[in-house]
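Enquirer: Below is a structure I'd like to ask you about.
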Amino acid sequence: MFQELKFETLPTLSYAVRTTVRWVAAAALLLAAVPALADTYDIDGEHTEVRFTWDHLGISRQSGRFTDVSGVLEFDPVKLEASRIAATIPLASIQTGVKKLDEVLLRSGEWFSPDTFPEIRFESTSVEPTSDKTANVSGLLTFNGVSKPVVLEVVWRFAGDHPLAAINPTFAGQYVAGFSAATQIRRSDWGLSRTIPYISDEIRISIETELVRRPLPVEVPPADPTLAAEPMPPTDAIANEAPPSVPGPAPVRAEPLPPVLGSETEPFAGEPSTERPASVDTGPADNGEFLAAPGGAQAVPSAIGEEVPGPDAPDAVAPDTLVGAPGKDADLPNTNPAPAVEPR
């Protein structure tokens, strides 16, 4: 596909785009040629147990275990024979369920010597697949200063995202794997011959382990010398390169604004207009308290909320006579008596 791509047919692309296309093509070709690498896993000590059993006087099988296990697995699910493992077990983590027996095994000097050889180690030397999910893993088992070959029958049980990742954020992003293994040894091969045959020489070992994959490294493929980089164009050519046209926003049609309520052309609904008709003559005595309308007989509201008859109405009272009207000003003298009104 990449051989059919002609870069000469892309004269309109900018220099940056053409260079990016070249690098993508080179990376795809290199990734297609590189085989898959084994993933690296760390043993999860909280979910790993190594258990061993022995025959006790022909009456029953007793057991013990090691509770502290660490190690690294290089696992290639496509090519199982390329996998390998190395594990370490501190002798001090032995537990038989009987404290006195644990002390005898560790402190008597007749069994283990944790001060001199504090660890048990296993390191694989080869992996022989027996099916898609099983394999025989050969390696060296070392303790008490002795290394002997053993073969583990291994079952691959799981590999994938942690099953609890969807409901527990603690496990989010974890990729895990699980294995079971079993083998059988003769303890006398490592110098542990005491109490044979009352306590069996053969020891059966079973392993259950979970492992967590390390984050995958980000690898940058090396540059392919056959793909020569395109020479950088002059700086002025890049600066003068026309940018792609981007359509601007559509024009907005201006609509006329509605008239403002309360303006001179349209009074606010519900409020009287403050403009006075041109035909109304308020006269020099109009101080905002009285309004005189044409015709004389029309009653108009006064400033104190009463209706005052016009000057031509019968029994009309001049506005000045209101100064001494009963009320809070009744005791004040009338300094401006009204002229007598002649009856018609």
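Enquirer: How high is the FRET efficiency from THR67 to ALA38, r the C-beta distance, R0 35 Å, rounded to 0.05?
Expert: 0.80
Enquirer: Apply the a/c threshold of 1.5 to the C-alpha gyration tensor of segment 127-214 and tell me whether it is rounded, prolate or oblate. The partial results should precede the final answer.
Expert: On the way: a/c = 2.97, a/b = 2.28, b/c = 1.30.
Prolate, because a/c is 1.5 or more and a/b exceeds b/c.
Enquirer: I'd like to compare 84-93, 58-67: which one has the highest average count of other Cβ atoms within 10 Å, and what's the full order after that?
Expert: For the peptides 84-93, 58-67, the packing ranking is 84-93, 58-67.
Enquirer: If I stretch the segment between GLU46 and ARG107 completely, what's the gain in nm (0.36 nm per residue apart, minus their alpha carbon distance), one decimal? Don't skip to the answer; put the middle values down first.
Expert: On the way: separation 61, 0.36 × 61 = 21.96 nm, distance 2.64 nm.
Between GLU46 and ARG107, full extension yields an extra 19.3 nm.
Enquirer: Hey, with R₀ at 35 Å, roughly what FRET efficiency would GLU74 and LYS100 work out to, going by the Cβ-Cβ distance, to 0.05?
Expert: 0.30
Enquirer: Still on this structure: Could you please state, rounded to a whole Å, how far the C-alpha centre of segment 189-206 is from the C-alpha centre of segment 122-158?
Expert: Spelled out, the Cα-based centre of one part sits 20 Å from the other.
Enquirer: Could the peptides 40-50, 141-151 be put in order, highest first, of the mean number of other beta-carbon atoms found within 10 Å of their residues?
Expert: Highest-to-lowest ranking by the protection proxy: 40-50, 141-151.
Enquirer: Less than 9 Å Cβ to Cβ from THR209, Lys/Arg counted +1 and Asp/Glu -1: what total charge do the surrounding residues give?
Expert: On the way: positive: none; negative: ASP44, GLU49, GLU208, GLU210.
Result for the neighbourhood of THR209: -4.
Enquirer: With only alpha-carbon atoms counted, please give the Rg and Dmax of segment 45-129, in Å.
Expert: 16.0, 48
Enquirer: Whole number please: convex hull volume per residue, Cα atoms of segment 100-172, in Å³.
Expert: 174 Å³
Enquirer: So how much slack lies between ALA172 and VAL155, counting 0.36 nm per residue of separation and subtracting their Cα-Cα distance, in nm?
Expert: Numbers: separation 17, 0.36 × 17 = 6.12 nm, distance 2.58 nm.
That pair, ALA172 and VAL155, stretches by 3.5 nm at full extension.
We did not get these values from a lab; they are worked out from the coordinates using the rules stated. These figures come from a predicted structure and were not determined experimentally. In this analysis, Cβ positions are derived from the backbone assuming ideal geometry, glycine residues included, and neighbour counts consider all displayed protein chains.
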